Structures are given as structure tokens and as C-alpha cells.
Amino acid sequence: METKFIEAHKFNITGPDYIYKINPYIPGKPIEEVERERGIKNIIKLASNENPLGPSPRALRAIRAHLKNLNRYPDGSGFYLKKELVGFFNSKKGKSKNFSAGNFILGNGSNELIDIAVRTFCKKDENIIAPFPSFVAYYLAAEQLGIPLKATALNNFTIDLPIILTAIDDKTKIIFVSNPNNPTGTFIPSKKIKEFIQNVRDSILIVIDEAYIDYAGPSILDVSDISSFPNVLVLRTFSKAYGLAGLRAGYGIGHKEMVSLMERVREPFNVNSLSLAGAAAALSDADYVEKVVKTNKEEKKYLYSSLKKSGIKYIETGANFILCEIKGKKAVDVNESLLDMGVIVRPMDRFGYEDMIRVTIGTRAENVKLIRSLKKLFC
Ligand code: PMP
């Protein structure tokens with residue numbers, strides 16, 4: 001039953017000034033609610049860069065098997081998932097080798113690890129550098145603690161590493177680099193990232209966020225021995241190529257001392273037991289990830305050619321989403337029209353791109369519906 005009690009009284013507790021300045025993250029409405037509001041059915045969601053193929057079947061089996069243990073707290077050390085991660089990375093061909101459990105920190109999604117990194121390493125008078133536009137969690141992590149953030153411009157929709165170098169000052173503590181970058185999708189070859197790291201002093205934490213690396217690659221871990229970069233934290237997630245966004249599981253890879261400091265800030269049971277079980281099982285489901293990446297590649301090709309035919313410009317992507325230009329129309333208006341046709345995308349006005357939308361690469365049926373809807377608006 002709804003009560004008006006709370007609104008009837010003045011809320012008298014104030015927070016620090018920087019809390020009032022936070023630009024809150026606005027999550028999309030649930031599909032069912034949009035369907036109810038607009039009186040339509042079979043809406044497709046291409047707004048959040050989710051995996052359209054569903055979760056890894058192996059992960060689902062592991063999760064089901066763990067349901068009966070929900071009366072227990074999760075394993076706070078993430079022992080088995082870390083063991084799987086160690087095996088996974090040590091058996092890979094890349095240049096980074098000899099990992100141990102102490103090189104991994106687990107998060108409630110990689111998003112949480114962004115917050116933990118800032119809370120662990122940033123002092124109030126230090127600053128963070130992040131390109132704009134990029135993943136909003138970088139800006140939020142800084143804003144929540146009142147830490148100044150220097151936003152550097154992109155160059156042709158790509159993160160401009162030389163500009164970041166010029167933005168560094170003696171108070172810079174963390175640099176965020178999303179590779180591929182969200183929301184533009186552009187990928188910087190990891191060899192260039194390696195050169196960049198070599199040009200940054202080692203008292204600055206460089207976070208290389210590889211949420212979408214499975215779609216692009218090779219990773220910084222493949223082209224360089226990460227143990228020679230003690231100031232680099234690589235972030236990965238199970239939300240994208242592993243199809244487990246709802247579980248909330250991600251991890252960071254870095255120097256043991258870096259990880260042990262971040263472990264002090266981590267909430268003891270931050271990753272729940274179903275996430276631990278599902279993520280560990282998903283990691284060994286190489287066939288599933290291969291299928292996901294192959295499908296994404298094929299569907300990207302289909303979307304590129306269909307967008308071209310419809311006269312819609314796009315930015316070439318290394319990820320599972322595409323940034324599209326919508327010919328002088330307003331992103332918010334196009335978003336509304338697409339919603340009426342049962343397609344949820346992400347308008348980019350909040351990122352400073354008034355005439356762009358970001359679309360997740362879906363299944364063939366979803367992509368056909370997207371293109372048909374766009375054609376109704378533009379052709
Ligand atoms: N990094 C980037 C660049 C992202 O786009 C996202 C999710 N959209 C994340 C990290 C966070 O992913 P999660 O918290 O689901 O692991």
C-alpha cells in the first residue's frame with residue numbers, strides 16, 4: 001500500500017556538496033513496463049550492450065546446482081573462480097604468464113572494481129583522467145568521492161592517448177582507458193596501449209577496461225608481459241561475451257600489492273555464490289564464447305551493409321554495439337519513434353552526440369526489426 005508519510009515530512013539530512021553535483025546514471029525501464037506504457041508487444045532491447053544469445057548453458061547448469069546452498073554465505077575469497085582464472089590465463093598463448101590467485105580481484109561486475117580502484121588509491125587532492133565520451137562509471141566513481149576528473153576529448157571517436165599524456169599533472173592518480181571504448185566502439189591496437197603505458201610514470205594507476213575485448217583483441221595481456229607494468233589494472237567482465245550481465249561478475253588483473261590494497265576496500269561478500277559458480281563455469285565454456293563472437297561478427301557485417309544501404313553513417317566498432325549517425329535528426333526524437341515501433345536503443349545526447357544513437361548488435365531477427373524501423377524513419 002502506498003503511503004504519503006515520508007513526503008509529508010521535510011528531509012533534513014544533508015550530504016557533502018559533491019553528492020548534489022552527481023549526474024545520476026539513468027537505467028532503462030524494464031521491457032515489460034515499456035510494453036505496458038506504449039500498448040505494444042515483442043519489444044526488442046538493443047540499448048545496453050547485452051549478449052543476445054542468452055547465458056552460457058554451462059553457467060546455467062552450475063547456477064542451478066548451487067541454488068540449494070543459498071542458506072550459506074558466498075566464499076568471500078572467490079577461491080574456485082580465482083583458480084579457474086589462473087588456469088585460464090596461464091594456459092593462454094599471450095605474453096603475460098605465471099599468474100597466481102593474488103593477481104585477481106573479483107567484483108560485483110567490473111563496475112564495482114572501478115569504484116574500488118578509486119576508493120583505494122585516490123586522495124582528495126588528486127585527480128583522475130578519463131576520456132569523454134566513455135563509460136559513465138568512471139565519472140560517477142570520481143563524483144561520488146568529490147575527486148576532480150579531467151575529461152579528455154576523443155579524436156575521430158577514438159580515445160586520444162597523446163592528449164591524455166598532456167593532461168597528466170603531478171596530482172594525477174588514475175587514468176581510465178576503455179578498449180574498445182564504450183560508447184564509440186573504437187579499438188586501439190594493444191601495442192599502442194603498451195607504448196602509452198611506457199610513457200606514464202609508474203605512480204599513476206592505469207586502468208585498461210577490456211569489457212569488450214573478446215570481440216576485438218588482442219588484449220594488452222597478449223602483447224605485453226603485464227608483470228613489467230605494476231601500475232596497470234586490467235578489467236574484464238562476464239557481462240558481455242559470457243552473457244551473464246544479470247549475475248554481476250567481473251574481475252581485475254594486476255600486481256599482487258595493488259590487488260591486496262584493493263582487497264581491503266572490497267566488501268567481504270561482494271560477489272554472490274551464484275555469480276561465483278556461474279562465472280567459473282562460463283570461463284571454461286570456450287565453445288559458447290566462440291559462437292558469441294562469431295555471431296557478433298556476422299551480425300555486425302549484416303548491420304554495416306544494411307545501414308549503408310539506408311544511408312545511415314556509423315562508426316566501425318570493435319565491440320558488440322554500433323554508434324550510428326541519424327542524419328540531422330535528434331537522438332531523443334529518434335529514440336521515441338523507435339520505442340513506438342518496439343525497439344529500445346540508447347540515444348547519445350547525454351554523451352554530447354545530439355544526432356547519434358548506440359545500438360547493440362542483436363540476433364538476426366532483432367537486427368532486421370531495427371533496420372526496418374530505421375528505414376521507416378529515414379527512407
Ligand atoms: N566497462 C565498460 C566499458 C562497460 O561498457 C561496462 C558495462 N556497460 C562495464 C565496464 C561494466 O560491466 P559490468 O559491471 O557489467 O561488469
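Residues of the stretch 130-148 that are among the hydrophobic types (A, V, I, L, M, F, W, C) and within 16 Å of the ligand (Cβ to nearest atom): Ala130, Phe132, Phe135, Val136, Ala137, Leu140, Ala141, Ala142. The criterion of being within 12 Å of the ligand (Cβ to nearest atom), at pLDDT 95 or above and farther than 22 Å from Ala153 by Cβ holds for Gly243.
For (1) aliphatic (A, V, I, L, M); (2) open to solvent by less than 50 Å² (accessible area, probe 1.4 Å); (3) modelled with pLDDT under 95; (4) under 19 Å from Tyr212 (Cα atoms), each residue gets a yes or a no:
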position	(1), (2), (3), (4)
Asn71	no, no, no, no
Lys92	no, no, yes, yes
Ile128	yes, yes, no, no
Tyr138	no, yes, no, yes
Ala142	yes, yes, no, no
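A Cβ distance below 8 Å, combined with a sequence gap of six or more or placement on separate chains, defines the contacts here; from the stretch 172-186, residues that are within 26 Å of Arg201 (Cβ to Cβ) reach residues that are among the basic types (Lys, Arg) in the pairs Thr172/Lys150; Lys173/Lys123. There is at least one residue in the stretch 296-312 that is open to solvent by 30 Å² or more (accessible area, probe 1.4 Å), touching a residue at least 12 places away in the same chain (Cβ under 8 Å) and outside any helix (DSSP H, G or I). Every listed requirement among (1) more than 22 Å from the chain's Cα centre (by Cα); (2) open to solvent by less than 50 Å² (accessible area, probe 1.4 Å); (3) of a type in the set (A, V, I, L, M) is met by Ile163 save one, (2).
Taking the stretch 159-194 as the range and being within 11 Å of the ligand (Cβ to nearest atom) and among the hydroxyl-bearing types (Ser, Thr, Tyr) as the test, the residues that pass are Ser178, Thr184. Any residue that is open to solvent by less than 10 Å² (accessible area, probe 1.4 Å), hydroxyl-bearing (Ser, Thr, Tyr) and over 19 Å from Ile114 (Cα atoms) - is there at least one of those in the stretch 224-233? Taking every residue of the stretch 224-233 in turn, at least one turns out to be open to solvent by less than 10 Å² (accessible area, probe 1.4 Å), hydroxyl-bearing (Ser, Thr, Tyr) and over 19 Å from Ile114 (Cα atoms).
The values are calculated or read from the model by the stated rules, or taken from the named source; none is laboratory data. Keep in mind it's a predicted model, so treat the numbers as computed, not measured. Note: ideal-geometry Cβ built from the backbone for every residue, glycine included; neighbour counts use all protein chains shown. Each accessible area value is taken on the protein alone, full model and side chains, heavy atoms only, with ligands, DNA and RNA left out. Shrake-Rupley method; radii C 1.70, N 1.55, O 1.52, S 1.80 Å.
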